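Asks: Take a look at the following structure, please.
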2 protein chains.
Amino acid sequence: MAPKTRPTYSVIAKTAGVSEATVSRVLNQDESVHPDRAKRVLEAVEKLGYKKNRVASALASGRTGLIAVVIDDDLSVFADPFYGTVTSGVSRVLMENGLQTVLMVSPVGSLEGSVAHYLESGEVDGAIFFALHSDVLVNKLKKQGLPLVITGTPHSTSDVAFVDTDNFGGAYTATKHLISQGCKKVAIITGDIGTTAAKQRLDGYLQVYRETGHVPAKGLICEGDYSFETGKALTEKLLATHPDVDGIFACNDLMAMGAITVLQDRGISVPEQVRVIGFDDSMIAQTSRPALSSIRQDVVALGEAAGSLMIAQLNGEDFEPVILPTELVLRGSA
Amino acid sequence: MAPKTRPTYSVIAKTAGVSEATVSRVLNQDESVHPDRAKRVLEAVEKLGYKKNRVASALASGRTGLIAVVIDDDLSVFADPFYGTVTSGVSRVLMENGLQTVLMVSPVGSLEGSVAHYLESGEVDGAIFFALHSDVLVNKLKKQGLPLVITGTPHSTSDVAFVDTDNFGGAYTATKHLISQGCKKVAIITGDIGTTAAKQRLDGYLQVYRETGHVPAKGLICEGDYSFETGKALTEKLLATHPDVDGIFACNDLMAMGAITVLQDRGISVPEQVRVIGFDDSMIAQTSRPALSSIRQDVVALGEAAGSLMIAQLNGEDFEPVILPTELVLRGSA
DNA sequence: TAAGCCTGTGAAAGCGGTTTCTTAGGGCGT
DNA sequence: ACGCCCTAAGAAACCGCTTTCACAGGCTTA
């Protein structure tokens with residue numbers, strides 16, 4: 001239990017017979033130290049089982065080696081594997097660069113929340129945002145010079161680095177596919193319309209209609225929130241107003257499953273009578289029956305891209321927004 | 001971009017007309033400061049938009065306010081909502097106590113990996129482990145006096161705090177239920193048998209057999225790894241050796257779904273011919289058709305319990321291992 | 001051979017808080 | 001009134017590492 005006091009530079013320096021400055025140089029791969037001295041230091045480090053105190057190091061250097069991953073939502077969203085997966089991608093890239101990931105899941109809301117305080121307290125070298133509902137905090141932090149990456153497209157145009165999935169394209173492809181399969185009346189169940197991703201998916205859907213010269217009938221556009229229950233509820237409402245609907249594009253797999261559940265409960269067969277396409281190509285899409293056709297986004301790649309963008313910024317390199325392609329994965333439901 | 005230099009104690013002290021020591025006292029709720037002076041300090045803080053530098057604070061006080069959540073596996077496990085959910089529970093409790101969560105997902109393996117280095121570098125006040133495959137690092141850290149919590153039962157008996165789900169009881173209940181429904185030949189598809197949780201679930205299953213005086217036929221115990229694909233593969237193998245199996249207890253929902261998929265593909269109806277029960281009661285259990293009966297574990301509560309145990313340790317309070325109950329949720333599959 | 005340059009190294013000044021040690025008063029007892 | 005104890009608040013040491021600055025000594029150049 002005794003919090004054994006760990007050795008410090010002072011001890012290393014003494015055992016190696018050099019100054020603390022030299023110890024620091026060796027431990028930070030400063031090439032200018034004579035190999036012999038460096039060797040002595042390394043031996044002392046080895047012998048004493050020395051581990052650098054990162055906190056002290058951070059204070060002196062101004063670099064903490066921590067990057068915050070901020071998910072602007074309450075913790076329940078973590079039930080959706082999306083965030084876990086994307087975070088894992090981020091984490092991998094950061095680790096390769098000697099950085100650690102600090103996870104924060106909390107509604108960002110105001111400029112005064114605990115997230116805001118934390119990010120401004122100098123404890124992180126940068127922050128990566130997900131599911132951002134507002135840009136105010138981001139803009140403030142940006143002004144303070146904190147390296148930032150946004151996953152998803154920012155609401156306002158600014159010069160913040162961001163990476164996103166091609167939401168528009170994915171939605172376009174899904175909708176187009178439904179129509180090419182003969183669907184005459186395609187509905188959309190959107191995600192949380194407060195996010196840019198949901199808006200872009202809706203745009204992709206509308207674009208298809210636009211090209212056909214039609215306008216989707218009122219009621220075909222159902223505003224959802226990415227949850228299973230909402231998927232069910234909206235589908236029931238949809239069937240009430242448009243019993244002749246023959247295609248549904250749900251903006252995530254969970255809602256798509258909600259739709260399928262309701263359809264099957266009513267004896268409406270999928271895909272014979274109504275075709276359904278989801279978004280995410282999650283595990284659920286693969287395990288469901290019929291297996292769900294879905295727009296795949298490479299979630300790990302998304303996280304990795306976000307991580308890389310952060311690294312680039314920290315190195316002062318140039319960077320461009322990254323938009324990752326999507327792919328339609330056809331299974332039984334459409 | 002200009003990394004605007006933030007105010008320090010020195011500035012606050014000057015504007016408030018007090019010493020830095022007093023500033024520190026006020027900002028750390030030391031009661032012994034005269035209300036008038038305290039007010040002056042607070043006003044200065046407010047006026048200057050001061051945010052405490054946590055790194056400096058950590059160095060001086062020896063407390064970083066960070067708790068590591070270590071998941072001993074590669075990042076792919078994050079596709080399983082379990083970890084995200086449990087982490088969110090941990091995070092909530094910690095935040096309420098002014099602590100932040102540092103997430104590390106990496107095979108812990110040796111004592112020399114980056115996780116080990118990080119935990120020994122003094123950057124965290126404590127660590128919470130998940131899916132631990134080995135106890136060596138834990139024991140080492142324990143010796144160094146780092147507060148630790150293990151989620152899941154430790155392999156070796158030691159005095160490390162842990163919280164766990166009643167795996168044994170859950171498995172027992174599931175198996176018992178299958179038999180009470182008339183199943184004569186119940187198979188189990190286990191999880192990664194390297195974890196104690198998987199072993200305990202297997203034990204619960206075996207206990208039911210033991211009580212009936214029988215021994216499960218060879219081949220009824222299928223060693224899995226929690227993945228959908230493995231669930232499918234093992235079920236096929238199972239059907240080959242035991243075509244008359246009439247009950248399957250899968251140690252997670254994903255594998256249960258794999259089993260159901262294979263069964264249905266062969267025209268074997270669930271639950272009429274084979275009853276299936278999963279474990280976790282995840283989203284998949286609710287969305288599948290037939291909906292999957294499953295053993296629910298309160299994952300968020302698990303995380304919260306782990307967080308609370310950590311807090312208790314940090315406060316030097318006593319603590320007991322926590323075992324959370326499970327519940328059988330009956331749906332269509334059994 | 002003297003002046004000018006590197007180069008490797010040590011001394012020391014931070015980084016921005018926390019905490020111990022000290023001291024100046026104020027209240028109280030006799 | 002005098003001495004003692006207690007309290008509020010400042011001075012300064014310190015946490016452990018980084019980084020600037022200065023310096024000695026060896027080399028080059030004229």
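Asks: Once you compute Rg and the Kirkwood Rh from C-alpha atoms, what is the Rg to Rh ratio for the protein assembly as shown?
Replies: Radius of gyration over Kirkwood radius for the protein assembly as shown works out to 1.01.
Asks: Using the 7 Å Cα-to-Cβ label point, sort the distances from B:GLN273 to its equivalents in the other copies shortest first and give them in nm to one decimal.
Replies: 2.7
Asks: While we're on this one: Under a no-solvent Debye model with one identical scatterer per Cα of region A:87-188, what's log10 I(q)/I(0) at q = 0.14 Å⁻¹?
Replies: Values, matching the q order: -0.65.
Asks: For the interface of A with B, what's the total buried accessible surface in square angstrom, probe 1.4 angstrom, rounded to the nearest hundred?
Replies: Chains A and B together bury roughly 4800 Å² of accessible area.
Asks: While we're looking at this one, here's another question. Determine the residues within region A:82-97 where the difference in accessible area between the chain on its own and the full set of protein chains amounts to at least 10 Å²; count protein heavy atoms only and use a 1.4 Å probe.
Replies: In region A:82-97, residues shielded by partner chains: A:GLY84, A:THR85, A:THR87, A:SER88, A:SER91, A:ARG92, A:MET95.
Asks: Per residue of region A:226-238, in order, report the coupling 6.51 cos²θ - 1.76 cosθ + 1.60 (Karplus, θ = phi - 60°) as ³J(HN,Hα) in whole Hz, putting x for Gly and Pro.
Replies: 6, 9, 4, 4, 4, x, 5, 4, 5, 5, 5, 4, 4
Asks: Same structure, new question: Run the quick spin-label model on B:LYS47 and B:GLU96: label points 7 Å from Cα toward the beta carbon, then report their separation in nm to one decimal.
Replies: Here the answer is 3.8 nm between the modelled labels.
Asks: In whole Hz, what ³J(HN,Hα) sequence does region A:303-314 give by Karplus (6.51, -1.76, 1.60; θ = phi - 60°), x for Gly and Pro?
Replies: Per-residue couplings from phi come out as x, 5, 4, 4, x, 5, 4, 5, 4, 4, 4, 5 Hz.
Asks: Keeping every protein chain in place, order B:THR85, A:THR15, B:THR5, A:THR87 by accessible area at 1.4 Å, biggest value first, i.e. largest first.
Replies: Reading off the accessible areas and sorting them downward yields B:THR5, A:THR15, B:THR85, A:THR87.
Asks: If I stretch the segment between B:ALA60 and B:ALA301 completely, what's the gain in nm (0.36 nm per residue apart, minus their alpha carbon distance), one decimal?
Replies: Taking B:ALA60 through B:ALA301 to full extension adds about 83.3 nm, to one decimal.
Asks: Can you return the aspartates and glutamates within cross-link range of B:LYS237? Criterion is Cα-Cα under 17 Å, with same-chain partners fewer than 8 residues away left out.
Replies: Those aspartates and glutamates meeting the cut-off are B:GLU223, B:ASP225, B:GLU229, B:ASP246, B:ASP265.
Asks: Next up: How much area per residue is accessible in region A:9-52 when the probe is 1.4 Å and only protein heavy atoms are counted (Å²)?
Replies: Accessible area per residue, region A:9-52: 64 Å².
Asks: Hey, what did chain A get for relative contact order, percent, Cα under 8 Å, at least 6 apart? Intermediate results must be reported in sequence, preceding the final value.
Replies: On the way: 608 pairs, mean separation 54.4, N = 334.
Computed over chain A, the figure is 16 percent.
Asks: Where the only charges are on Cβ atoms (+1 Lys, Arg; -1 Asp, Glu), what is the dipole of region B:167-297 about its Cα centre, to the nearest 20 debye?
Replies: 300
Asks: Between region B:194-214 and region B:259-330, what is the separation of their alpha carbon centroids in Å?
Replies: 17
Asks: A follow-up question, please. Could you state the angle between the C-alpha long axis of helix A:35-48 and the longest principal axis of the C-alpha atoms of chain A, as a value from 0 to 90 degrees rounded to the nearest 10?
Replies: Between helix and principal axis, roughly 70 degrees.
Asks: Moving on to the next point. Show the residues, 5+ positions off or on another chain, whose built amide H is closer than 5 Å to the amide H of A:GLU327.
Replies: So A:GLU327 has HN proximity to A:ARG296.
Asks: Between copies, how far apart are the A:HIS214 label points? List them in nm, one decimal, shortest first, with each point 7 Å from Cα toward Cβ, please?
Replies: Relative to the other copies, A:HIS214 has label-point distances of 5.8 nm.
Asks: Same structure, new question: Taking amide hydrogens as modeled 1.01 Å from N in the peptide plane, which residues meet the under 5 Å criterion relative to B:THR165, leaving out close sequence neighbours?
Replies: B:GLY152, B:LEU324
Asks: By how many degrees, 0 to 90 and rounded to 10, does the Cα axis of helix B:196-212 deviate from the longest principal axis of chain B?
Replies: 40
Asks: Same structure again: What do you get for the angle between helix B:81-96 and the principal long axis of chain B? Use alpha-carbon atoms, 0 to 90 degrees, nearest ten.
Replies: Roughly 30 degrees, rounded to the nearest 10.
Asks: Let me ask you something else. Ignoring ligands, DNA and RNA, what percent of the 1.4 Å accessible area of chain A is carbon and sulfur?
Replies: Roughly 54 percent of what the probe reaches on chain A is carbon or sulfur.
Asks: Now, a different point. Under a 5 Å amide H to amide H cut-off, with H placed in plane at 1.01 Å, what residues pair with A:SER293 once short-range neighbours are removed?
Replies: A:GLY278, A:ARG331, A:GLY332, A:SER333, A:ALA334
Asks: If you plug each phi of region A:281-292 into the Karplus form 6.51 cos²θ - 1.76 cosθ + 1.60 with θ = phi - 60°, what whole-Hz ³J(HN,Hα) values come out, in order, with x for Gly and Pro?
Replies: After applying 6.51 cos²θ - 1.76 cosθ + 1.60, I find 6, 7, 3, 4, 4, 6, 8, 6, 10, x, 4, 8 Hz.
Asks: When each copy gets a label point 7 Å from Cα toward the beta-carbon at A:SER19, what are the spacings between them in nm, shortest first?
Replies: Sorted ascending, the copy-to-copy spacings read 3.3 nm.
Asks: Here's something else I'd like to know. Kindly state, as a whole number, the per residue volume in cubic angstrom of the convex hull around the alpha carbon atoms of region B:9-52. Mind dumping the intermediate values first?
Replies: On the way: hull volume 2.5 nm³, N = 44.
With only Cα atoms used, region B:9-52 gives 57 Å³ per residue.
The values are calculated or read from the model by the stated rules, or taken from the named source; none is laboratory data. Keep in mind it's a predicted model, so treat the numbers as computed, not measured. Reconstructed Cβ throughout: ideal geometry from the backbone, glycine too, with neighbour counts over all protein chains shown. Heavy atoms of the whole protein, side chains included, go into the accessibility calculation; ligands, DNA and RNA do not. Shrake-Rupley method; radii C 1.70, N 1.55, O 1.52, S 1.80 Å.
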